[in-house]
């Protein structure tokens, strides 16, 4: 497993870490990018139960697949709002990378701290946030065989950093989290959400494309681990679309899948929808995704044609 941690010298900044830090160069060098696609982010909020209010192109996202010559793989996902375009100049973003080989994995996740349960709480938090500092929750997990060692930490960063400043944020994350915990993984557990999602989409291509089964053969479940917690990722149903038209283009040969996450500890369930290509250059690539991180908020990702490799 290639190391994704590099040593840097401490600076005089108030945010300078005292340990080894991450950098995007270190993440990129060991496992070169094979494919990369960009997305626009649309959002809708529901101030009352009866109707939604939407705004398009409030941010961006990037999904990257990496493949090393020695068989190592990596999946990366970056998403964030752009305060120049988002309502109330909201600046929320996150990044996750999963680097793995046959037996081991390294997972790094970081996202803006945000636990608002209502739109009123979100408005109040935005209004009172300190203008100089933003708090992020960071996760480090190392998996060897069936053992996952994870730790979390809070990282303070300059408030002006956006999802376009990923490398600056990564440089602030210590290489070791305090208070790590160990979890023994059941056989067959995938080593992260992104790799589990990739496996489930690919496994569903053939049965979901069949026109005579109503999508029922696409049903399947894959367990995965994230932050010391086991989840079940399920494909509940799927439909084949010869053409899918979105606000950014028209895509041929698409499977529209309904997915569900279940937290094995709390039994909480989250449903979301992903439409992905099943042929050509977009084989296994999401072209549209819709999910609701809160009951009052819906996020839509749309693939930007011509901005992929």
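Please verify whether the stretch 178-187 includes one or more residues that are outside any strand (DSSP E or B) and closer than 24 Å to residue 65 by Cβ.
Within the stretch 178-187, one or more residues are outside any strand (DSSP E or B) and closer than 24 Å to residue 65 by Cβ.
The one condition from (1) surrounded by fewer than 16 Cβ atoms within 10 Å (Cβ to Cβ); (2) within 19 Å of residue 100 (Cβ to Cβ); (3) in contact with a helix residue (DSSP H, G or I) (Cβ under 8 Å, 6 or more places away or on another chain) that residue 190 does not meet is (1). Among the numbered criteria (1) more than 18 Å from residue 35 (Cα to Cα); (2) in contact (Cβ under 8 Å) with a residue 60 or more places away in the chain, which single criterion is violated by residue 278? Here residue 278 clears every test but (1). May I ask you to say which residue of 203, 196 is in contact (Cβ under 8 Å) with a residue 12 or more places away in the chain, under 21 Å from the mean Cα position of the chain (by Cα) and crowded, with 16+ Cβ neighbours inside 10 Å? From the options 203, 196, the qualifying one is 196.
Results for (1) modelled with pLDDT of 70 or more; (2) within 22 Å of residue 137 (Cα to Cα); (3) in a loop (DSSP other than H, G, I, E, B); (4) out of contact with any strand residue (DSSP E or B) (no Cβ under 6 Å at 6 or more places or on another chain), shown as yes or no for each residue.
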{"position": "2", "(1), (2), (3), (4)": "no, no, yes, yes"}
{"position": "14", "(1), (2), (3), (4)": "no, yes, yes, yes"}
{"position": "44", "(1), (2), (3), (4)": "yes, no, no, no"}
{"position": "62", "(1), (2), (3), (4)": "yes, yes, no, no"}
{"position": "70", "(1), (2), (3), (4)": "yes, no, yes, yes"}
{"position": "76", "(1), (2), (3), (4)": "yes, yes, no, no"}
{"position": "79", "(1), (2), (3), (4)": "yes, yes, no, no"}
{"position": "85", "(1), (2), (3), (4)": "yes, no, yes, no"}
{"position": "106", "(1), (2), (3), (4)": "yes, yes, no, no"}
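Listed here are the strands (runs of 3 or more DSSP E) enclosed by the stretch 208-309 that have at least 3 residues being farther than 24 Å from residue 61 by Cα and at pLDDT 90 or above: 220-226, 229-246.
In the stretch 165-178, the residues that are in the same structural domain as residue 110 (by TED's automatic domain parsing) form Cβ pairs under 8 Å with partners that are part of a strand (DSSP E or B) and modelled with pLDDT under 85, at six or more places apart or across chains, as follows: 170/21; 171/21; 172/21; 173/21; 174/21; 175/21. For the stretch 114-134, does any single residue satisfy the condition of being assigned by TED's automatic domain parsing to the domain that holds residue 65, at pLDDT 90 or above and part of a strand (DSSP E or B)? No, that holds for no residue.
The values are calculated or read from the model by the stated rules, or taken from the named source; none is laboratory data. Just so it is clear, the structure is predicted and the values come from calculations on it, not from any experiment. Cβ sites come from the backbone with ideal geometry, for glycine too, and all protein chains shown count toward neighbours.
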